[in-house]
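Comments concern the structure below.
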Amino acid sequence: QVQLVESGGGLAQAGDSLRLSCAAPGRTFNEYILYNMGWFRQAPGKEREFVAAIGWSTAFTFYGDSVKGRFTISRDDAAGTLFLQMNDLKPEDTAVYYCASGPVRGSSEKEYSYWGRGTQVTVSS
């Protein structure tokens with residue numbers, strides 16, 4: 001089984017920055033199932049929302065409209081870590097953030113096979 005573990009969440013004020021990390025203990029990111037990685041978020045009472053995705057080729061990235069220009073997804077395969085740099089945070093960014101992996105890069109949660117348990121990000125105004 002593949003288990004993903006997120007970290008880096010916490011409290012922030014509007015305009016602040018946070019950097020989330022995601023690791024797969026006991027796995028390397030060169031494994032096929034981990035070739036494509038993504039970030040999703042879910043606020044209470046809302047559906048899970050796509051945030052960003054990155055393919056096995058790091059030249060291929062894609063972002064949700066709500067975070068374009070503010071968030072940056074990256075990966076360090078040697079370290080086995082996925083990152084989400086979040087800048088200019090807004091209260092509407094408040095959610096539990098999940099990392100995910102799958103065989104293809106996509107913006108739909110159905111395209112991902114493995115999920116972390118999430119890390120809470122709370123942004124106050």
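Using a probe of 1.4 angstrom and keeping all protein chains present, the accessible surface of the chain works out to 52 square angstrom per residue. The trypsin sites (Lys or Arg not before Pro) of segment 32-122 meeting both criteria, a DSSP state outside H, G, I, E and B (loop) and at most 12 other C-beta atoms within 10 angstrom of the site's C-beta, are 46, 68, 117. Label separation (residue 72 vs residue 5): 2.7 nm, computed from points 7 Å beyond Cα along the C-beta direction. FRET efficiency for the residue 28 to residue 111 pair, using the beta carbon distance and R₀ = 25 Å, is estimated at 0.75. Set against the 2.2 N^0.38 Å expectation for a compact globular protein, segment 7-54 has a Cα radius of gyration ratio of 1.42.
Ignoring ligands, DNA and RNA, what percent of the accessible area of segment 1-70 is carbon or sulfur (1.4 Å)?
Details: 1960 of 3940 Å².
For segment 1-70, the apolar C and S fraction of the accessible surface comes to 50 percent.
With one equal scatterer per alpha carbon and no solvent term, the Debye-computed log10 I(q)/I(0) for the chain at 0.11, 0.17, 0.23 1/Å reads -0.32, -0.77, -1.40.
Accessible area per residue was computed with a 1.4 Å probe on protein heavy atoms; residue 58 scores about 80 Å².
The values are calculated or read from the model by the stated rules, or taken from the named source; none is laboratory data. Nothing here was measured: the structure is a model prediction, and the numbers come from that model. Virtual Cβ from ideal backbone geometry, glycine too; neighbours counted across all protein chains shown. Just the protein is used for accessible areas: all its heavy atoms, side chains included, with ligands, DNA and RNA removed. Shrake-Rupley method; radii C 1.70, N 1.55, O 1.52, S 1.80 Å.
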